[in-house]
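The values are calculated or read from the model by the stated rules, or taken from the named source; none is laboratory data. Computed from a predicted structure; not experimentally measured. Virtual Cβ from ideal backbone geometry, glycine too; neighbours counted across all protein chains shown.
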Amino acid sequence: MTRETELRKPRARSLPELDLEQEVDLADVKRRILARWWLPLAGLLLGLAIGYVLGTGSGNTYRAEAIVYLGLPIPPGGGPPIQGLANNPGTVARILRSEAALKEAARASGLRVAKLRGRVSTQTIASGQGARAAAPALFVDVEVKGDAARRIEVAANALARHLARRVSAPYVETRIEQLENRAASQAADLKAIEAQIVTLTAAVRGARRLPPIERIDLVSLLSNSQQRRGDIVDEQAATQQSLVFARTTERATIVEPAVAVETTARSVRNSMLVAGILGLLLGGLAALLWDRFAPRAAGLRGN
């Protein structure tokens, strides 16, 4: 193989030549932008104006958040809490997003169901840290967003009430009903035994002329009635304690009702900043392309 037929390696371009070309390109870009400096400036001003209009004209949104205690049902004989709807955060979220819940909130607030769909969110609150954090969450935030403060406030509270009813029924409500019936029966028994005590007390006081055996019987009946009254009072106290526990600990309830809070949908400053940067970039691009497209546009107008 001769030296003429050998493949010749391309001559590598030196780094100083590349740097020179880059400097020329940057200088040309700078020259074009400075020659049409009013285009980037106009783009910047137009972008700031558009950003301000978008930021101030977007309106405000509101959010209303209610805190619901999910309850902790206890078995009748005591022991660990019963596993139910309140122990599953996924079930809680599905209940609040169900059509039944949304329609109930819509009727209460006057909003359309479509206005609520997609604007209801839930967040469980951890019950502790470390090992206790693995325990079921006992609290949940029910949040509704919208543009009508009063209506979303009513809707959030209606959803919170719906959730409290669903996770408490039927076990807790049945237990509370039974305790209330027991308390009412004990109150009636106490009233009857107190009336009997009054009668027996009067009889003992007027039994001086009766034979000793009959007076002893009356005193014995009075003593038994007073002892029975003490037993009923103790039972009544235990029932009231269980009833209070069921109402405040086992039953789900709304801890904090929802109150609407105004939140700006879009920051005016951020809108102006983003739109201004975009306008500046578009204006600089227009300045770079001006020499290429301006003669064509002038030729089209001439024709």
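Conditions (1) over 40 Å from the mean Cα position of the chain (by Cα); (2) among the aromatic types (Phe, Trp, Tyr); (3) under 30 Å from Ala156 (Cβ atoms), marked per residue:
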residue: Asn224; (1), (2), (3): yes, no, no
residue: Arg228; (1), (2), (3): yes, no, no
residue: Val233; (1), (2), (3): yes, no, no
residue: Gln240; (1), (2), (3): no, no, no
residue: Leu243; (1), (2), (3): no, no, yes
residue: Arg247; (1), (2), (3): no, no, yes
residue: Ile254; (1), (2), (3): no, no, yes
Collect the residues in region 227-268 that are charged (D, E, K, R), at pLDDT 85 or above, surrounded by fewer than 14 Cβ atoms within 10 Å (Cβ to Cβ) and not in a helix (DSSP H, G or I), keeping them in residue-number order.
Glu256
Taking region 195-213 as the search range and keeping residues that are surrounded by 11 or more Cβ atoms within 10 Å (Cβ to Cβ) and over 26 Å from Ile232 (Cα atoms), which one is farthest from the chain's Cα centre (by Cα)?
Leu210
Residue count, region 102-118 (criterion: at pLDDT 90 or above and either in contact with a strand residue (DSSP E or B) (Cβ under 8 Å, 6 or more places away or on another chain) or at positive phi (or both)):
5
